[in-house]
Amino acid sequence: MCLFKEVADIQTADMLKLPVPEAKFETVVVEPSEMQKEMVQELSERAAAVHARLVEPNIDNMLKITTDGREIGLDQRLMNPLLEDFKGSKVNACTDKVFEI
């Protein structure tokens, strides 16, 4: 038996019945920059090398590649901080939408 459960007062959302605000979801589509397109092409080449077992898993692997892809999609500067700010990035679209709201 878990000692924590014996001493903790655990309350779930169902038990508390607190008011929950209604969320309004909105999808904002942004186009990638030319640099992001090039970076995604490099990801494809890295994935092919991993698939062909040309690289050791501790050097590069699909988890690293997919994480890098998510970062590139969010803002290219997450992969290379020296790159300039792309006005059409997801981060900038988010800040624009927050400012609008």
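The values are calculated or read from the model by the stated rules, or taken from the named source; none is laboratory data. The structure presented is a predicted model; accordingly, all values stated were derived computationally and were not measured. Glycine gets a Cβ as well: all are built from the backbone with ideal geometry, and neighbour counts include every protein chain shown.
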Of all the residues that make up the range 50-67, how many are in a loop (DSSP other than H, G, I, E, B) and out of contact with any Lys or Arg (no Cβ under 9 Å at 6 or more places or on another chain)? 8
More than 30 Å from Phe86 (Cα to Cα) and among the hydrophobic types (A, V, I, L, M, F, W, C), is that true of Val28? no
Looking at Met15, Met1 in this structure, which one is at pLDDT below 95 and part of a loop (DSSP other than H, G, I, E, B)? Met1
Scanning the range 21-77 for residues that are surrounded by 15 or more Cβ atoms within 10 Å (Cβ to Cβ), of a type in the set (Gly, Ala, Ser) and over 15 Å from the mean Cα position of the chain (by Cα) gives Ser33, Ala47
Could you tell me whether any residue of the range 11-19 is surrounded by 10 or more Cβ atoms within 10 Å (Cβ to Cβ) and either within 20 Å of the chain's Cα centre (by Cα) or not hydrophobic (A, V, I, L, M, F, W, C) (or both)? no
Tell me whether the range 25-32 contains one or more residues that are in contact (Cβ under 8 Å) with a residue 24 or more places away in the chain and outside any loop (DSSP other than H, G, I, E, B). no
